[in-house]
Amino acid sequence: VDNIWGNGEDDEISSESGYLAGDYKNDSFQDDDDEFTIEVVSSPTTPFSKDFAVGGSKCSVTTMDRIVEIWTDSTLPDTSIAIENSDSAEERIKSILAWYKRVDRNPGTRDEASGLAQLCTKILIALGNANKQSDIDLIDVRADATEILEKIVSLSSKFAKSQDSSFLSTEALNAYMRCLNQSDPSASAKIADDFLRGMSSNDLYKGVVLPSPDLNTYNTVMSLWSVVGGDESQVGVNNVYQRLEVASLGEGNGTHLRPNSQTFKILLGTNSRKDNRFCIENAKEWMEKIKTLLEELGDKEMLSDVDIYNAAVSRQDNKIISNDNEYSPYWLSLGKSFDGGFKNITDDGSEKGMEEWLLDMETKQVYPTIETYEAVIQAWIETGTWDGLLRAEDWAKRSVLSATVGLQSSVIPRLKTIKPIIAAWALCGDERAPKRVKDWIGQLTMLSETTLPHLRPGLDIFAAQVVAWRQHQISKMKELETPAEHIPRDDLSAIFSAAQNCSDSLGEIIGKIERHTNTRDVNSYTTMFTNVIQAWGAASISAVPLSSESDPLAPSRGVNQILKTIHLLESIAALPDRTFFDDDVNELQSIEIEQSREHKAFLFECLGEVFAEALEQLRQIDTSVREKKVSDETRPGKSFFLENVFEVEKMLRYYESQSRIVLTQDDPTSFDIGRCCELYKKVLRGCMGVTCSHDYGHVVRISSSIMDFVSWRNDQFLTSEAKRAQTNDITDLYCDIACLVGKVVLNHHEKQMALTEVFNRASQFFNQSHGEKTSSAFATVDKAALIGAIRLA
């Protein structure tokens with residue numbers, strides 16, 4: 001940090017001197033937001049670029065601007081970094097957006113606007129690169145990118161009066177296109193194509209002249225079309241390429257639009273497919289076309305580029321959206337063809353064509369890389385067949401042998417290489433699957449301890465072992481397809497055995513791993529614990545007809561195991577922070593403190609989801625009991641939820657205590673009450689199972705505690721200086737409480753008193769009269785809706 005500070009004599013950066021001056025005339029810089037002090041050096045030590053401003057004009061920028069500029073320049077992604085990097089794409093993007101929030105402002109002069117526009121451009125480029133860096137970890141950042149682009153456009157519209165002085169650059173628009181939503185590739189490709197057409201004719205965009213496109217613009221639009229898939233993808237890519245050819249023949253600026261290797265890779269990769277599957281005939285045909293084009297351009301050397309051959313077999317539309325909640329860990333979607341069991345597909349011509357293409361590469365002395373192997377592996381995985389999975393394993397083993405025995409560095413496998421195979425085994429539900437997942441994890445661990453340390457499996461891969469047992473249980477239950485009262489005891493025992501194996505695997509994993517602070521790793525806790533709880537819930541529901549509590553296959557065993565799993569999670573969340581005793585490691589200590597804070601925040605999210613799942617399973621078990629034991633007069637009103645009501649309260653209060661720890665560490669205005677409300681609603685739904693009047697005291701007490709928790713958060717918010725832009729609507733929560741009170745409290749006068757208390761507690765969130773805003777910006781309750789719920793109650 002010292003190298004980017006000057007002598008504190010000037011608040012501007014001069015393009016003439018090229019040095020950064022201090023932001024204040026004091027001897028130190030105090031940042032009120034982060035509460036840290038940076039000492040200012042006495043003389044400048046590092047020169048900076050003289051061309052910081054657009055058009056070479058002098059720009060007035062703050063010290064924070066320069067720090068952000070240097071930071072964005074130093075965080076450009078390295079394409080050699082694999083997905084298993086400790087910093088996920090989501091974390092990198094959060095950092096980039098946090099920097100943007102700190103420098104966003106309204107400049108007063110053209111020089112200030114010019115500097116801010118170029119800084120926003122660099123941030124937008126960093127955002128696009130971070131989103132593009134990993135091909136299996138894409139985040140939807142279109143809204144954030146649009147906000148930054150609109151900022152550049154507004155600055156240009158206000159301060160730049162001509163096209164030559166416009167702040168909107170081709171580089172910025174290219175970066176914006178890389179940020180478009182990958183979950184809807186067709187719409188994103190059309191938006192990018194419209195921008196390309198507008199740039200080609202220098203149309204106006206919100207009053208600002210669009211800059212002319214460069215080769216990266218055409219490649220970016222073609223890349224977006226390539227992920228659409230099907231005929232639409234091929235039409236879009238070929239159409240853009242034809243326009244590129246026309247533009248490259250134009251006068252003046254057309255010479256810099258000559259197609260490059262990236263252009264031909266997109267062209268070949270898209271046109272080598274038929275019905276979204278690899279077609280070796282199409283690949284060979286288009287390779288000949290590209291060969292002709294390269295000969296016309298006088299660039300025959302590009303034909304030996306292995307990346308072009310890889311493009312033919314690589315899927316352009318196999319991106320995984322990391323915020324997709326269908327699978328957890330999200331990369332399990334790589335094996336979604338096996339979800340529900342093995343398929344009977346005999347058409348494997350596409351996959352064999354890939355193998356032929358790979359062997360043909362070797363005969364032409366174009367040696368395959370790990371990307372080639374990964375394309376073949378993924379192709380066999382997508383068949384969803386037993387033979388396809390075995391062939392994929394064979395190719396993975398071949399890559400390992402080539403790297404370790406043949407010493408071919410170009411085919412060194414990555415975790416990304418093996419993940420599709422693990423995902424397939426985890427989702428197939430076969431009885432052999434859990435062992436195969438465990439075997440692969442063992443192989444990765446062994447290789448990481450010997451020759452390939454980067455193959456060390458993370459917690460998300462270990463979680464696949466628990467998922468495999470849960471999927472096997474689901475598969476077993478589907479095979480039975482009989483009502484629970486008719487399940488043979490041997491089959492019921494197999495269902496309980498799968499649940500027990502889930503628990504045993506969880507315990508084994510927890511015993512091996514260290515505490516993780518990476519977001520993705522901590523999210524894996526949620527995956528493992530929820531799968532274990534769901535497994536025991538399913539086993540308990542299957543065993544509901546058994547009335548003997550002493551039976552090892554009774555529902556009570558599953559309920560006890562659910563609570564035992566909750567206690568295990570609480571013990572992990574309660575791990576003490578590590579303490580440093582060496583005075584010489586202050587920097588490491590500060591890093592550890594920050595990691596501990598993040599660890600608690602991540603585990604808090606995990607606690608909420610796991611607790612909610614446990615409560616939901618208890619409710620479903622009670623529902624099954626009521627449906628199947630209505631005629632059992634010996635056990636009226638049986639409710640596992642209420643039998644364990646004190647455990648439920650303990651969960652609720654423990655969650656509340658952890659949330660307050662997190663709340664005191666962060667800004668109270670950033671706390672999302674919606675997460676808490678989901679857990680509260682699960683508790684209230686479970687309480688709806690009360691059928692005995694003497695149990696209503698527990699229900700009222702829990703409801704009162706929930707209202708206390710919400711009021712406390714509101715008090716914390718009101719005492720903070722910052723204010724929230726949007727409020728949370730928690731009307732449903734209070735309506736649920738009113739409905740619950742009306743159901744369980746039978747005495748009319750007691751019911752009236754309880755409902756009055758609910759109304760009074762909610763009044764702090766009512767909208768004021770005459771359309772004014774609520775007195776609390778933290779949350780709001782619709783008064784009319786609550787009154788209606790109270791009347792019904």
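The values are calculated or read from the model by the stated rules, or taken from the named source; none is laboratory data. Remember, it's a predicted structure, so these values are computed and weren't measured experimentally. Here the Cβ positions follow ideal geometry from the backbone for every residue, glycine too, while neighbour counts run over all protein chains shown. For the accessible areas, the whole protein counts, side chains as well, though only heavy atoms, and no ligand, DNA or RNA atoms are used. Shrake-Rupley method; radii C 1.70, N 1.55, O 1.52, S 1.80 Å.
How many Å² of accessible area per residue for segment 381-484, probe 1.4 Å? Please list the in-between numbers first.
Numbers: 4350 Å² over 104 residues.
Per-residue accessible area for segment 381-484 comes out at 42 Å².
Taking the highest mean first, how do the peptides 534-545, 207-218 order by number of other beta carbon atoms within 10 angstrom per residue? Provide the component values of the computation, followed by the final result.
Numbers: 534-545: 24.5, 207-218: 18.9.
In decreasing order of mean packing, 534-545, 207-218 become 534-545, 207-218.
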Under the 7 Å Cα-to-Cβ spin-label approximation, LEU746 and ALA187 lie apart by a distance in nanometres of 5.4 nm
How high is the FRET efficiency between ASP504 and SER165 when r is their beta carbon distance and R₀ equals 60 Å, given to the nearest 0.05?
0.30
Integer Hz, Karplus 6.51/-1.76/1.60 couplings in order for segment 281-291, x for Gly and Pro:
5, 4, 4, 5, 4, 6, 5, 5, 4, 5, 4
Which ³J(HN,Hα) values in Hz, rounded to whole numbers, follow from the phi angles of segment 192-199 under the Karplus curve 6.51 cos²θ - 1.76 cosθ + 1.60, where θ = phi - 60° and Gly and Pro get x?
5, 5, 4, 4, 4, 5, x, 5
In the structure displayed, which of LYS650/LYS682; LYS438/LYS512; LYS343/LYS438; LYS284/LYS336; LYS265/LYS336 lie more than 18 Å apart, Cα to Cα?
LYS343/LYS438; LYS284/LYS336; LYS265/LYS336
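So, by mean Cβ neighbours within 10 angstrom, what's the order for 220-232, 550-562 with the highest one leading?
Numbers: 220-232: 22.7, 550-562: 18.9.
The densest-packed peptide leads the list: 220-232, 550-562.
Return the FRET efficiency for the residue pair SER571, LYS435: r is the Cβ-Cβ distance, R0 is 41 Å, and the value is rounded to the nearest 0.05. Write out the running numbers ahead of the final one.
Numbers: r = 28 Å, r/R0 = 0.69.
After rounding, the FRET efficiency stands at 0.90.
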Would you mind estimating how fast segment 392-439 diffuses translationally, via Stokes-Einstein at 37 °C and 0.692 mPa s with the Kirkwood radius over Cα pairs, in µm²/s?
285 µm²/s
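Order 621-627, 368-374 from most to least packed using the mean count of other Cβ atoms within 10 Å.
Numbers: 621-627: 19.3, 368-374: 23.0.
The peptides rank, most packed first, as 368-374, 621-627.
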Going residue by residue through segment 610-627, the Karplus relation 6.51 cos²θ - 1.76 cosθ + 1.60 with θ = phi - 60° gives ³J(HN,Hα) values, rounded to whole Hz and with x marking Gly or Pro, of 5, 4, 4, 5, 4, 5, 5, 5, 4, 5, 5, 5, 4, 4, 5, 4, 5, 6
Considering amide H positions built from the backbone, and no H for Pro or chain starts, which residues 5 or more places from ASP782, or on another chain, come under 5 Å of its amide H?
THR731
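If I take R0 = 41 Å and measure r between the Cβ atoms of LYS336 and GLN242 in this structure, what FRET efficiency does the formula 1/(1 + (r/R0)^6) give, to the nearest 0.05? List each step's numbers first, then the result.
Details: r = 35 Å, r/R0 = 0.86.
It comes out at approximately 0.70.
In segment 191-259, carbon and sulfur make up what percent of the accessible area (probe 1.4 Å)?
Details: 1580 of 3100 Å².
Answer for segment 191-259 is 51 percent, counting heavy atoms of protein chains only.
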